[in-house]
Structure formats: C-alpha cells, structure tokens
Amino acid sequence: MKDRIFAEYPDVVSAKELQTMLHIGRNTAYSLLKSGAVSNIRIGKKYIIPKASVEEFLRLRTASKSGTMEPSDEAAESPERSK
C-alpha cells in the first residue's frame, strides 16, 4: 500500500487541521472550502472535510501545469501576457 502524506491525521479533519496540513491561513482555508476546491460537508457552521478530499486537491494541483492558483483577471489581461 502506498505511503500517505497525511497519515498522522484522522480520516475526517477540521478547517483548522486543513490549515495546518496545507500551511495556509484561515481565509484561504475557508475560501477553498466555500468554493468547493476541497470537497466537504457543511453541518451548520462546521465543515466536515474528508482527508481524501485534501489529498485529491493536492493531486489535482500538482497535476496542473502551473501548480498555482488561477491568475487574476488583471494579470490575464496584462499586455506582457498577450505578446
């Protein structure tokens, strides 16, 4: 069986644990959850996040060419980019 990067975490994690796992801040974590980039279930005000969703998010981000968040509209319309 393949080694898991987040073996020390439980199968279901909290938003706070998501922050720790991805080394991101609170706003970024909630943005990922609200946008659905990291699959989750919301019960009331609490997010239930399967650890597998975090691993899948990383797999998808790693598989993309840039490996970064989408550029802003302003950056995409920059004259340097259109040359």
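The values are calculated or read from the model by the stated rules, or taken from the named source; none is laboratory data. Worth saying up front: this structure is predicted, and the values here are computed from it rather than measured. Neighbour counts are summed over all protein chains in view; Cβ atoms, including those assigned to glycine, are modelled from backbone coordinates with ideal geometry.
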* Taking into account only those residues within the stretch 42-83 that are modelled with pLDDT of 90 or more and hydrophobic (A, V, I, L, M, F, W, C), which is surrounded by the most Cβ atoms within 10 Å (Cβ to Cβ)? -> ILE49
* Asked: Just wondering, is there one or more residues in the stretch 21-41 that are surrounded by fewer than 10 Cβ atoms within 10 Å (Cβ to Cβ), within 13 Å of the chain's Cα centre (by Cα), modelled with pLDDT of 95 or more and hydroxyl-bearing (Ser, Thr, Tyr)?
  -> yes
* To do: Could you list, in sequence order, all residues of the stretch 1-38 that are outside any helix (DSSP H, G or I), within 13 Å of LEU58 (Cβ to Cβ) and of a type in the set (A, V, I, L, M, F, W, C)?
  => ILE5, PHE6, ILE24, ALA37, VAL38
* To do: Determine whether ALA52 is out of contact with any Asp or Glu (no Cβ under 7 Å at 6 or more places or on another chain) and assigned to a helix (DSSP H, G or I).
  => yes
